[in-house]
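Participant: Sharing a structure, written as structure tokens. Questions coming.
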Amino acid sequence: MHPTFQFHHTSGYRAQRFRCPMLVPTTAGETCEHAQFAKGKGCVKDLNWELGGQMRVTLDRDGPLYHAVYDQRTSTERINSQSKELGIKRPKVRHIDSIRNLNTLTYLVINARALRRARELNANLLSMPVKMIA
């Protein structure tokens, strides 16, 4: 693909347009089986040329750093889901001190539940029989 020009995309980001190398900058006389080639327009790609857009495209999604951040994000989403279930998202109290107390109590409940699950998991691991290899 051949870069042609940069422009402001309708979605609000800066984009770079890439065109078919058989048509741009000059017609090479070659043909392509792409449907747009028959219309004379050729292949066209508009890529997000902002730093964040490039970062999303080139991100190593198999790396350990990505997985650490992803695990942290999913953990946060699980906590937010639990807080919503416990009623913290739409508190029925009006004063800021009451809201702070409600938030604190809700997160104490969430942490107590997580601690209970961890202790149960550890107790199950410790009570498993160990097989001796002869």
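Participant: Residue by residue through segment 101-124, note down the ones that are small (G, A, S) and exposed (fewer than 13 other Cβ atoms within 10 Å of the Cβ).
Facilitator: A112, A118, A123 - these are the residues of segment 101-124 that are small (G, A, S) and exposed (fewer than 13 other Cβ atoms within 10 Å of the Cβ).
Participant: Just for segment 33-53: of the residues that are modelled with pLDDT under 75 and touching a strand residue (DSSP E or B) at 6+ places or on another chain (Cβ under 9 Å), which one is most open to solvent (accessible area, probe 1.4 Å)?
Facilitator: By that ranking, first place goes to K41.
Participant: Something else now. Which one of A15, A68 is among the hydrophobic types (A, V, I, L, M, F, W, C), assigned to a strand (DSSP E or B) and at pLDDT 85 or above?
Facilitator: Going through A15, A68 in turn, the sole match is A15.
The values are calculated or read from the model by the stated rules, or taken from the named source; none is laboratory data. Everything numeric here is computed off the predicted structure, so don't read it as measured data. For neighbour counting, all protein chains shown are included, and Cβ atoms are generated from backbone atoms with ideal geometry for every residue, glycine included. Each accessible area value is taken on the protein alone, full model and side chains, heavy atoms only, with ligands, DNA and RNA left out. Shrake-Rupley method; radii C 1.70, N 1.55, O 1.52, S 1.80 Å.
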